[in-house]
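Here the structure is laid out as structure tokens; the discussion comes afterwards.
The values are calculated or read from the model by the stated rules, or taken from the named source; none is laboratory data. In this text the structure is predicted, and so the values were computed from the model without any measurement. Cβ coordinates were reconstructed from backbone atoms using ideal geometry, including for glycine residues, and neighbour counts include every protein chain displayed.
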């Protein structure tokens, strides 16, 4: 086995179909086509037979799953020289990433940390003194955007390499829309940082102007019951569809059923869902959280508002509904922006990094 062409990709595995899991699947497939022997290790492994009873014990389940993950990782490390580790900066880092990095350093592996998360700056402010010594010892750190690159430099004085998220254009069909129906879609996890309640409030304002409007909410999460109650309390349950978690392939067909993408996240880095909207030809309406302005330029390839501003989110959407030519121009510029996230560009950065001794 050629260890220099063997690489371990460490990331969450679906379900759920989150951003890191999707990116890891795309990357593994593309690297295999480049001749790499790719071994996958899931940070959220299935519990082995005979241990499923631990799944009913929340804290114990986490500990057991962490032990299983480290055992699986240790087994694979003997078969590779390099590890590409997709991680975010939240509690996940200390529970999963930190001990795994220590193990890989002891094993003297070439570690490339693919860092994500719109809350990284706050995390660095709080825990930088703990994580900086370990991060300094890694072979390289990649980030998907200039937003996160600046956070590393300003907070930790660590240089990083920008490797954008991979946008898989083959799975998406760019649909040129000459008219825009009041059909909105949001494809984010139903968690606090994605602020779906603000999306629903904005939609409620749109519904007053367009009584036939419809909102599709794609994703699972802990807030689903509260969001369904919000919709019921507003009396708009016939205009909102909660799809729950869907596969990456199914999301393509869902985008084609809607005409405008809307997002109200309060913390973000470089959301893959916006890239998906670009690929499907949907104009993007979003808050300017975190790294979003690095990819969505207000008035050029999308329309932005402040965090929590449901009024402006609604007004921006109404602009497109009232002026379809504006929506067409935004969608076309979004598709142009998307080319920065295609494999030919990413390959030119990533392959030399992986091949370098």
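To keep it simple, each residue is scored yes or no on (1) outside the structural domain of residue 136 (by TED's automatic domain parsing); (2) without any contact (Cβ under 8 Å) to a residue 60 or more places away in the chain; (3) at positive phi; (4) within 22 Å of the chain's Cα centre (by Cα).
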{"site": "50", "(1), (2), (3), (4)": "no, yes, yes, no"}
{"site": "60", "(1), (2), (3), (4)": "no, yes, no, no"}
{"site": "67", "(1), (2), (3), (4)": "no, yes, no, no"}
{"site": "86", "(1), (2), (3), (4)": "no, no, no, yes"}
{"site": "102", "(1), (2), (3), (4)": "no, yes, no, no"}
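Rundown of residues vs (1) loosely packed, with under 15 Cβ neighbours inside 10 Å; (2) on the phi < 0 side of the Ramachandran plot; (3) free of Cβ contacts under 8 Å to residues at least 24 places away in the same chain, yes/no style:
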{"position": "119", "(1), (2), (3)": "no, yes, no"}
{"position": "126", "(1), (2), (3)": "yes, yes, yes"}
{"position": "136", "(1), (2), (3)": "yes, yes, yes"}
{"position": "142", "(1), (2), (3)": "no, yes, no"}
{"position": "150", "(1), (2), (3)": "no, yes, yes"}
{"position": "153", "(1), (2), (3)": "yes, yes, yes"}
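Please list, ordered by residue number, the helices (runs of 4 or more DSSP H) wholly in the stretch 254-357 having 3 or more residues that are without any contact (Cβ under 8 Å) to a residue 60 or more places away in the chain. Outline the logic, then answer.
Numbers: elements: 272-280, 310-322, 324-338, 343-355.
Of the helices (runs of 4 or more DSSP H) lying wholly inside the stretch 254-357, those with at least 3 residues that are without any contact (Cβ under 8 Å) to a residue 60 or more places away in the chain span 310-322, 324-338, 343-355.
Kindly indicate the residue of the stretch 168-215 that is without any contact (Cβ under 8 Å) to a residue 12 or more places away in the chain and assigned to a helix (DSSP H, G or I) and also farthest from the chain's Cα centre (by Cα) among those meeting that condition. Walk me through it before giving the result.
So the first thing to find is which residues in the stretch 168-215 are without any contact (Cβ under 8 Å) to a residue 12 or more places away in the chain, and the list is 170, 208, 211.
Keeping just the survivors that are assigned to a helix (DSSP H, G or I) gives 170, 208.
Numbers: 170: 18, 208: 32 Å.
Taking the candidates together, the pick is 208.
Looking at the stretch 156-165, is at least one residue in contact with a helix residue (DSSP H, G or I) (Cβ under 8 Å, 6 or more places away or on another chain), without any contact (Cβ under 8 Å) to a residue 60 or more places away in the chain, closer than 27 Å to residue 125 by Cβ and in a helix (DSSP H, G or I)? Outline the logic, then answer.
Residues of the stretch 156-165 in contact with a helix residue (DSSP H, G or I) (Cβ under 8 Å, 6 or more places away or on another chain): 156, 158-165.
Add one more test, that the residue is without any contact (Cβ under 8 Å) to a residue 60 or more places away in the chain, and what stays is 156, 158-160.
Still in the running and closer than 27 Å to residue 125 by Cβ: 156, 158-160.
Next, from what is left, pick out any that are in a helix (DSSP H, G or I): 156.
Yes - at least one qualifying residue is present in the stretch 156-165.
So residue 269 passes all but one of these: (1) in contact with a helix residue (DSSP H, G or I) (Cβ under 6 Å, 6 or more places away or on another chain); (2) surrounded by fewer than 23 Cβ atoms within 10 Å (Cβ to Cβ). Which condition number does it fail?
That leaves (2) as the condition not met.
Scan (1) surrounded by fewer than 21 Cβ atoms within 10 Å (Cβ to Cβ); (2) over 29 Å from residue 195 (Cα atoms) for the single condition residue 101 breaks and write down its number.
For residue 101, the exception is condition (1).
Got a sec? Which of 163, 186, 134 is touching a strand residue (DSSP E or B) at 6+ places or on another chain (Cβ under 6 Å) and modelled with pLDDT of 95 or more?
Working: 163 fails: modelled with pLDDT of 95 or more; 134 fails: touching a strand residue (DSSP E or B) at 6+ places or on another chain (Cβ under 6 Å).
One residue alone meets the criteria, 186.
Filter the stretch 216-242 down to residues that are over 21 Å from the mean Cα position of the chain (by Cα) and part of a strand (DSSP E or B) and give me whichever is farthest from residue 197 (Cα to Cα).
Top of the filtered list is 241.
Check the stretch 243-250 and report whether any residue there is within 22 Å of residue 151 (Cβ to Cβ), assigned to a strand (DSSP E or B), at pLDDT 95 or above and touching a helix residue (DSSP H, G or I) at 6+ places or on another chain (Cβ under 8 Å). Steps first, please.
We begin by selecting, within the stretch 243-250, every residue within 22 Å of residue 151 (Cβ to Cβ); these are none.
For the stretch 243-250, residues within 22 Å of residue 151 (Cβ to Cβ), assigned to a strand (DSSP E or B), at pLDDT 95 or above and touching a helix residue (DSSP H, G or I) at 6+ places or on another chain (Cβ under 8 Å): absent.
I'm trying to understand the selection: among the residues of the stretch 288-302, which are more than 14 Å from residue 147 (Cβ to Cβ) and either buried (at least 24 other Cβ atoms within 10 Å of the Cβ) or in the same structural domain as residue 89 (by TED's automatic domain parsing) (or both)?
Residues of the stretch 288-302 that are more than 14 Å from residue 147 (Cβ to Cβ), as a first pass: 298-302.
Correct list: 302 only.
Pick from 87, 75: which is closer than 14 Å to residue 10 by Cβ and surrounded by 21 or more Cβ atoms within 10 Å (Cβ to Cβ)? Can you show your working first?
Numbers: 75 fails: surrounded by 21 or more Cβ atoms within 10 Å (Cβ to Cβ).
Going through 87, 75 in turn, the sole match is 87.
May I ask you to list the residues in the stretch 74-93 that are within 23 Å of residue 132 (Cα to Cα), in a helix (DSSP H, G or I) and touching a strand residue (DSSP E or B) at 6+ places or on another chain (Cβ under 7 Å)?
Of everything in the stretch 74-93, just one residue is within 23 Å of residue 132 (Cα to Cα), in a helix (DSSP H, G or I) and touching a strand residue (DSSP E or B) at 6+ places or on another chain (Cβ under 7 Å), namely 93.
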